[in-house]
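The structure appears right after this line, and notes come after that.
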Amino acid sequence: MLATLTPLNSSAIAAVGYDGQNLYIQFHSRDEPYTYPNVPYSIFLGLVNADSPGTYYHLYIHGKYN
């Protein structure tokens, strides 16, 4: 089940969602969100609260959750 997506103020990321296990990221450049399985809630919170969600994504999510 896809979580409800919440818009982010980011030039790279349009919206994010979390369902308790999976992180969903909707990029501005893509129609469908990517699903990242087994992501801790702390990572989701970090992304939502980051000054630069795009930078946070590249440092803590990209290539780490497949």
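The values are calculated or read from the model by the stated rules, or taken from the named source; none is laboratory data. No experiment lies behind these values; they were computed from the predicted model shown. Using ideal geometry, Cβ is built from the backbone for each residue, glycine included, and neighbour counts are taken over all protein chains shown. SASA here: full protein model, heavy atoms, side chains in, ligands and nucleic acids out. Shrake-Rupley method; radii C 1.70, N 1.55, O 1.52, S 1.80 Å.
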*If each of residue 41 and residue 62 carries a label point 7 Å out from its Cα toward its Cβ, how far apart are those two points in nm?*
2.8
*Which net charge results when you count Lys and Arg as +1 and Asp and Glu as -1 among the other residues whose beta-carbon is under 14 Å from that of residue 2?*
-3
*Shape call for the chain from the C-alpha gyration tensor, a ≥ b ≥ c root eigenvalues: rounded (a/c under 1.5), prolate (a/b greater than b/c) or oblate?*
rounded
*Gain on full stretching of the segment that runs from residue 5 to residue 32 - 0.36 nm per residue minus C-alpha separation*: 8.6 nm
*Roll a 1.4 angstrom probe over the protein heavy atoms and tell me the percent of accessible area of the chain that is carbon or sulfur.*
51
*CD proxy at 222 nm, helix term only [per DSSP H run n ≥ 4: -39500 (n - 2.57); per residue of the chain; nearest 500]*: -7000 deg cm²/dmol
*All other residues with a Cβ under 12 Å from the Cβ of residue 38 taken together, and with Lys, Arg as +1 and Asp, Glu as -1, what is their net charge?*
0
